[in-house]
1. Would you mind telling me which numbered condition in (1) within 23 Å of residue 397 (Cα to Cα); (2) more than 20 Å from the chain's Cα centre (by Cα); (3) modelled with pLDDT of 95 or more; (4) surrounded by 16 or more Cβ atoms within 10 Å (Cβ to Cβ) residue 291 fails?
2. Within segment 334-348, is there a residue that is in contact with a helix residue (DSSP H, G or I) (Cβ under 7 Å, 6 or more places away or on another chain) and within 15 Å of the ligand (Cβ to nearest atom)?
3. Residues that are more than 30 Å from residue 101 (Cα to Cα): find the strands (runs of 3 or more DSSP E) completely inside segment 382-447 holding 2 or more of those.
4. Could you please find all residues in segment 23-38 being over 25 Å from the mean Cα position of the chain (by Cα) and surrounded by 13 or more Cβ atoms within 10 Å (Cβ to Cβ)?
5. I'd like to know if segment 384-405 contains one or more residues that are more than 21 Å from the chain's Cα centre (by Cα) and touching a residue at least 60 places away in the same chain (Cβ under 8 Å).
6. Only helices (runs of 4 or more DSSP H) wholly contained in segment 23-92 count here; list those with 3 or more residues that are at pLDDT 90 or above.
7. Just name the residue that is modelled with the highest pLDDT out of those in segment 108-117 that are assigned to a helix (DSSP H, G or I) and surrounded by 14 or more Cβ atoms within 10 Å (Cβ to Cβ).
Ligand code: HEM
């Protein structure tokens with residue numbers, strides 16, 4: 001083990017400032033540049049903090065799996081998310097996180113989420129039915145409408161229907177707040193009555209009121225409505241204890257936030273890629289029409305749509321919604337032959353790793369067939385990790401893959417989605433990897 005830092009761009013104070021500023025306006029470009037210039041382990045600064053950027057799957061494995069208990073979520077992530085989702089799964093750590101995970105995990109068991117297939121197709125049809133032939137749409141917004149409806153119904157069943165608009169609106173404000181937090185170098189305290197703080201507080205109060213109302217109604221009847229909220233309320237740990245109301249509330253908001261933009265994002269990039277690859281589109285259509293023959297997909301069809309699943313996996317490779325995953329060391333720990341001190345930060349990037357030519361031939365090319373026959377198993381575990389890994393692996397992974405498959409199959413069968421020619425699509429790596437100006441498409445009915 002060495003005390004020296006890995007190679008990197010900052011050997012003095014001025015360079016450290018330069019790195020920090022560059023990350024502020026081009027974080028993704030900066031990371032790609034670092035990996036290409038310095039290789040598997042890179043050291044740089046963000047402000048005063050020492051960052052270790054890992055580009056080898058084995059070192060990422062060390063952090064996420066072997067030494068997972070030496071790493072917590074980073075302070076900025078906890079502050080930005082924790083402010084409205086408290087100690088939910090996304091922002092908690094240590095024993096608290098392990099307990100929450102034990103309690104929440106059963107809600108995502110295969111058998112349980114299978115019951116949601118129908119809801120997923122239903123919400124897709126609901127949004128599709130509003131589309132007008134030949135019109136231009138921002139496909140990112142349309143996908144968001146679908147996944148927001150799905151997460152609301154799978155979390156709270158139908159009870160949120162009357163409040164759906166308030167919930168959607170409040171969520172957008174809070175998510176914008178998180179994005180602003182990561183964008184700005186200076187953070188004003190939450191108690192300052194700035195217009196932004198006030199907007200966020202109002203949104204949070206509205207959301208809290210709705211969630212509290214639903215939780216109390218449920219507690220009063222004790223009824224299992226078959227949704228995620230019922231699972232959380234009924235969850236019992238080994239010692240017989242369950243979640244407090246506050247914990248359930250934190251978890252509900254965490255699942256809401258984690259559970260819709262990521263999938264909407266995946267689908268948006270899928271349409272973008274399919275729009276540029278007519279061969280892949282044709283193959284997808286053949287599979288979907290052969291299996292479904294015009295009817296709506298069901299849970300049983302998901303396993304019969306392997307090419308559809310490969311298209312989604314390849315979109316997740318090229319445009320992983322969670323494009324960067326960070327951790328902070330809570331104790332001295334060795335990674336990649338270097339000694340990290342408490343407070344040092346590890347950065348990993350699915351976006352950068354997924355383009356590494358050591359593991360992916362022609363990495364920039366969209367080739368769904370590379371995922372044929374579980375090919376993923378032949379590459380190191382953390383060469384491809386759109387859902388993270390180890391004890392904090394995405395709890396909603398199966399939910400998301402089933403959802404994306406059902407939405408894609410439902411739409412492909414009925415509509416042709418064409419990209420508006422010559423639009424500039426730029427990446428916007430904020431909390432998730434968005435398209436900067438959205439993606440405009442023409443939606444045409446298939447006859
Ligand atoms: C394609 C869609 C999705 C992608 C790419 C994705 C990706 C991820 C990733 C990379 C992590 C790990 C973050 C880290 O280690 O710091 C994560 C965690 C998480 N995801 Fe997802 N996710 C998706 C969909 C969902 C859905 C649909 C839900 C819930 C309904 C969900 C709920 C969560 C939760 C609660 C966590 C925190 C888990 C923990 O720390 O124990 N995700 N997700």
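The values are calculated or read from the model by the stated rules, or taken from the named source; none is laboratory data. Everything quoted here is computed from the prediction, not taken from an experiment. Positions of Cβ are backbone-derived with ideal geometry, glycine not excepted, and every protein chain shown enters the neighbour counts.
1. For residue 291, the failing item is (1).
2. Yes - at least one qualifying residue is present in segment 334-348.
3. Working: elements: 415-419, 427-429, 433-435, 440-445.
By residue number, 415-419, 427-429, 440-445.
4. Our first condition is that a residue be over 25 Å from the mean Cα position of the chain (by Cα); within segment 23-38, this holds for 36-38.
Of everything in segment 23-38, just one residue is over 25 Å from the mean Cα position of the chain (by Cα) and surrounded by 13 or more Cβ atoms within 10 Å (Cβ to Cβ), namely 38.
5. First, pick out the residues of segment 384-405 that are more than 21 Å from the chain's Cα centre (by Cα): none.
Within segment 384-405, not a single residue is more than 21 Å from the chain's Cα centre (by Cα) and touching a residue at least 60 places away in the same chain (Cβ under 8 Å).
6. Details: elements: 27-38, 57-61, 75-85.
Result: 27-38, 57-61.
7. Of segment 108-117, the ones assigned to a helix (DSSP H, G or I) are 108, 110-114, 117.
Subsequent filtering for residues that are surrounded by 14 or more Cβ atoms within 10 Å (Cβ to Cβ) retains 108, 112-114, 117.
Working: 108: 88, 112: 80, 113: 85, 114: 86, 117: 95.
Filtering first and then ranking leaves 117.
Per-residue answers, yes or no, for (1) more than 16 Å from the ligand (Cβ to nearest atom); (2) assigned to a helix (DSSP H, G or I); (3) surrounded by 15 or more Cβ atoms within 10 Å (Cβ to Cβ):
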| position | (1), (2), (3) |
| --- | --- |
| 8 | yes, no, yes |
| 14 | yes, yes, no |
| 21 | yes, yes, no |
| 98 | no, yes, no |
| 106 | no, yes, no |
